[in-house]
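Before any comments, here is the structure.
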Number of protein chains: 2
Amino acid sequence: MPIDLRLDAEEVPLLIDLYELTMAASYFALGMNGPASFGLSVRRTPPRRGFLVAAGLERVLEALEQFHFGPAAIEYLDSLKLFSPEFLAFLAAIRFTGDVHALPEGTIFFAGEPILEVHAPLIEAQLLETIVINQIAMASMTASKAARCVIAARGRRLVDFGLRRSHGADAGLIAARSSYLAGFVGSSNVLAGRRYGIPLYGTMAHSYVMAHESEPEAFDHFATMFPQLSTLLADTYDTVRGVENAARIARQLKDRGFKLQAVRLDSGDLADLSVRARRILDQHGLTDVAIFASGNLDELRIAELLRAGAPIDAFGVGTEMAVSADAPTLEAAYKLGEYNGAPRLKTSPGKTSLPGRQQLFRAFNPAGGCYADLIGLADEGTTTVAHEFKPAPHTVTAMLTPQMAAGLPVASRPTLAESRDRLLGALAVLGPRYKDLERPDIYPVRTTAALNALATTARLRAEKRQV
Amino acid sequence: MPIDLRLDAEEVPLLIDLYELTMAASYFALGMNGPASFGLSVRRTPPRRGFLVAAGLERVLEALEQFHFGPAAIEYLDSLKLFSPEFLAFLAAIRFTGDVHALPEGTIFFAGEPILEVHAPLIEAQLLETIVINQIAMASMTASKAARCVIAARGRRLVDFGLRRSHGADAGLIAARSSYLAGFVGSSNVLAGRRYGIPLYGTMAHSYVMAHESEPEAFDHFATMFPQLSTLLADTYDTVRGVENAARIARQLKDRGFKLQAVRLDSGDLADLSVRARRILDQHGLTDVAIFASGNLDELRIAELLRAGAPIDAFGVGTEMAVSADAPTLEAAYKLGEYNGAPRLKTSPGKTSLPGRQQLFRAFNPAGGCYADLIGLADEGTTTVAHEFKPAPHTVTAMLTPQMAAGLPVASRPTLAESRDRLLGALAVLGPRYKDLERPDIYPVRTTAALNALATTARLRAEKRQV
């Protein structure tokens, strides 16, 4: 049995929890397949986060457009001896025919808010639950973490080094794409470069230095091979001597008309070592050779280094961003809000959901910064909702926009670069108190009067649903 | 540009950091491609872990066997304008021709120990770095976390519910396979069921109850559809009333000769609710209906529930296991130990590596339990090394075994079920003090006299490598 790193197209719909299929089989047998509305939201903000960043939508839309159970998938499901031939025939014919409204990639959002809504026949909408959560949560989690690193770096360049410590192949691709979306300048992940057009970075590992008889020889060999783009890794043995060796090579390159890009420090006291490295480089007249730092860095460490005045020009960020190490999960849930035109909610302790088809309304000030959100109903207008914001907004925007209609993505899709620019613009005007890395203010998110009224009705109705 | 959940076979070798390719290009230009030995180890044990569990090897071997850069990959690399046509032609012809020694899947191991060694021409061995770390670290991390859950559950059944909160598609598959390896009884992940033959579990979500007009109607519909294997989810609205509704359905099933499998509790105070649910079921004469608990559970919470006497028969474990939430990364490193017959090491602060080709020796007592490990050299014999263990061992085993020779996996591969049995056997005889979930003892791992001597020599030599 192959256990394969590959993931074939026909396997994608089987990335599903069994219960979605048993529920679907029951709905099919009961003839329950009316219009349903499901909403995706994140229940709680992870610690220290003042905002989150939406990502993963483009890939989910692609998966929905291509969604179908092929013959091999149906054959496997048949082998489970759980499903009738009629249901399996129905399943084989299913395509996604619904509508999707969502926050475009790179949109700032907050806990509790709807980030994606699916309107489709009940069975179709239910079958998507796992893949939607799996993809959007991971992509948004890493985009959010990466955005924090970008804030911490205050203009210094950031490169994704996360592939090796990512949770498998797919996670490495998602983290590379999400971190680029959030403002990183590139990635070491070659497949991410190929797939997403992300600039690639990387030169040498310690093993390169170790495989050579001496460090100067290794540096010389590398610089000869790549005179235009070498970054020399200085900490295989003694770091300060490593920087001195790199500086000598940089001068030789300079004499030949080339430029060493950077010296990389990957261990030890980076604040101290970067100062010493800067001094050595400057003494050699190499003021234009950058200092690149890496090694278990996250946004707090980056902020601390820069506060301490460390003369670091660029950071490689791996593990901490790629697994969002201090908060390695977003508690995303995909909940039924409406079935057959009637609102639905659950009242489980600590997990109460909101009923109805929803919309997210955001109030902006004249400078284009957002300052409050209202979760409302999909059929409320921005003009009506505007009266519920205080102070009165300059503009109100309905943030969930049509992404897919009758199973097809809306024609004009943003490029990754466009989404990146839009996010960086929005982050620039977001209030600094929400961007604080340690003790951010809680962004005001409330529900509209109309949604509150519907929730009250639905809650009363829910109480009668147990008898 | 497709952004695809699929991962094509030709994309797998591009799951690589750019620096491996730039180093390879330099080695190729220099004619440096002698025999190299790289070793994979985990630098530090995550907090509270008394042991780790090796996993991911079978998939890595499959990837190495199939490793090659196809035309599309070469074309992309050419487009980067970094590599010569000669190097790209060389790359296109590369296959993995080396040897691999490793801990079989399901082997217990500890920080600092070699878990996989690659012996191959330098370029081949270097190109594997990222994929080896990426796969083995994630699989071993989740197997280790799942093994802790198995210890905590003291015989109760555990099911993997992690797919939705896993970091992407690949992570969900790895977590399902690793948790089964560690003793879980199955998974909700349908693709994992298909690929690995893992038993599948799952019945209904809250949305199933919410889509119906009433909870009793939902339970009745489901039980009619699946009279033999229903688990009814009781906490959509009020949990106690939900259990009462489930009990009524269970009695109806019983009268028809069927059995309700379980009632599932997914929120609230599980210790209290499980006692109340047990009482209700027993009052209805349903002593054989199990209680299944889920909802943000990890090994500590499971242990706490069982200590409190919660009558829970099975646990669904999702997020916390699948992302190893309290320690979402293993600090795995793949380091050059030997090149052209000479030992190599790095002396970076806090990241010093061990030189040479290594072997892991484990001492066992007469009961078959291990009590100490020695990291030694590959050519040391177990009889010689036995004298370095105190007290004298009953047996000593060389734990790294041949897995791949000249690019081909050794003929007889263990099945997942065999690896699982072997691990459960080893865990049963592992000293309880290493299985403590909160304050485990540190298992004794030292280096042999021969490896110490080599490290001293290599360190002296390293000091001279900077001039």
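Each reported figure results from applying straightforward, stated rules to the coordinates on display, with no laboratory input. This one's a predicted model, so the numbers in the text were calculated from it and none came from an experiment. So basically every Cβ, Gly included, is an ideal-geometry build from the backbone, and we count neighbours across all protein chains shown.
Things worth noting here:
- Distance in nm between pseudo-label sites at A:Ala411 and B:Ala392 (7 Å out along the Cβ direction from Cα): 8.6 nm
- Rg and Dmax of the protein assembly as shown, both derived from C-alpha coordinates alone, stand at 28.5, 93 Å.
- Neighbours of A:Thr382 by Cβ distance under 13 Å: Lys/Arg scored +1, Asp/Glu scored -1, total -3.
- Taking amide H as placed 1.01 Å from N in the peptide plane, A:Thr447 has its amide H under 5 Å from the amide H of A:Ile375, each at least 5 places away in sequence or on another chain.
- Placing unit charges on the Cβ atoms of the charged side chains and taking the dipole of the protein assembly as shown about its Cα centre, the candidate lying farthest along the positive direction among B:Val118, B:Gln135, A:Ala428 is A:Ala428.
- Cβ-Cβ distance of A:Ala449 and B:Glu75, R₀ of 45 Å, FRET efficiency by 1/(1 + (r/R0)^6): the value works out to about 0.15.
- Selection of trypsin sites (Lys or Arg not before Pro), region A:113-176, meeting DSSP coil and at most 11 other Cβ within 10 Å: A:Arg154
- Where both bridge residues fall in the protein assembly as shown, DSSP classifies roughly 65% of the beta bridges as antiparallel.
- Positive-end residue of B:Phe28, B:Thr347, B:Ala386, charge dipole of chain B with Cβ unit charges: B:Ala386
- Electrostatic bookkeeping for B:Glu299 treats Lys and Arg as +1 and Asp and Glu as -1; over the other residues with beta carbon under 15 Å from its beta carbon, the sum is +4.
- Applying 1/(1 + (r/R0)^6) with R0 = 45 Å to the Cβ-Cβ distance of B:Ala9 and B:Arg256 gives a FRET efficiency near 0.35.
- Around the Cα centre of region A:360-467, unit charges on the Cβ atoms of Lys, Arg, Asp and Glu (plus for the first two, minus for the last two) sum to a dipole of about 280 debye.
- Per residue, the convex hull around the alpha carbon atoms of chain B comes to 170 Å³.
- Quarter of Cα convex hull surface for region A:143-322, i.e. mean projection, nm²: 9.8 nm²
- Spin-label zone in region A:437-467 - amide nitrogen under 17 Å from a point set 7 Å from the Cα of B:Glu217 along the C-beta vector: A:458-467
- In nanometers and ordered shortest first, the copy-to-copy spacing of the B:Arg95 label point, defined 7 Å from Cα toward Cβ, is 4.2.
- Each Lys or Arg adds one and each Asp or Glu takes one away; over the other residues whose Cβ falls under 11 Å from the Cβ of B:Arg148, this sums to -2.
- All lysines inside 22 Å of B:Lys145 as judged from Cα atoms, apart from same-chain residues fewer than 8 positions distant: B:Lys435
- Computed E for A:Thr383/B:Arg439 - FRET, C-beta separation, R0 56 angstrom, nearest 0.05: 0.35
- Rounded to the nearest 20 debye, the dipole size of region A:143-322 about its Cα centre is 620 debye, using +1 on the Cβ of Lys and Arg and -1 on the Cβ of Asp and Glu.
- Debye equation applied to the C-alpha atoms of region A:31-79, log10 I(q)/I(0) at 0.17, 0.18, 0.33 Å⁻¹: -0.88, -0.92, -1.12
- Within region B:29-160, all pairs of alpha-carbon atoms sorted by distance into 10 Å bins from zero give the percentages 11, 34, 28, 17, 8, 2.
- Placing a pseudo-label 7 Å from each Cα along the Cα-to-Cβ vector at A:Asp269 and A:Thr97 gives an inter-label distance of 6.9 nm.
- Position A:Pro414: other-copy label points at 4.9 nm, ordered by increasing distance, label point 7 Å along Cα→C-beta.
- Relative contact order of chain A, pairs being alpha-carbon contacts under 8 Å that are 6 or more residues apart, as %: 21 percent
- Virtual spin-label span in nm between B:Ser84 and A:Glu65, 7 Å along Cα→Cβ: 4.3 nm
- Student exercise, the protein assembly as shown dipole from Lys, Arg, Asp, Glu Cβ charges, in Debye to nearest 20: 1940 debye
- Exam field: B:Ala9 pseudo-label spacings to other copies (7 Å along Cα-Cβ), nanometres: 1.7
- With a threshold of 22 Å on the Cα-Cα distance, the over-threshold entries among A:Lys254/B:Lys464; A:Lys259/B:Lys81; B:Lys81/B:Lys346 are A:Lys254/B:Lys464; B:Lys81/B:Lys346.
- Per-residue ellipticity at 222 nm computed for chain B from its helices equals -12500 deg cm²/dmol, with DSSP H segments shorter than 4 residues left out and the rest contributing -39,500 (n - 2.57).
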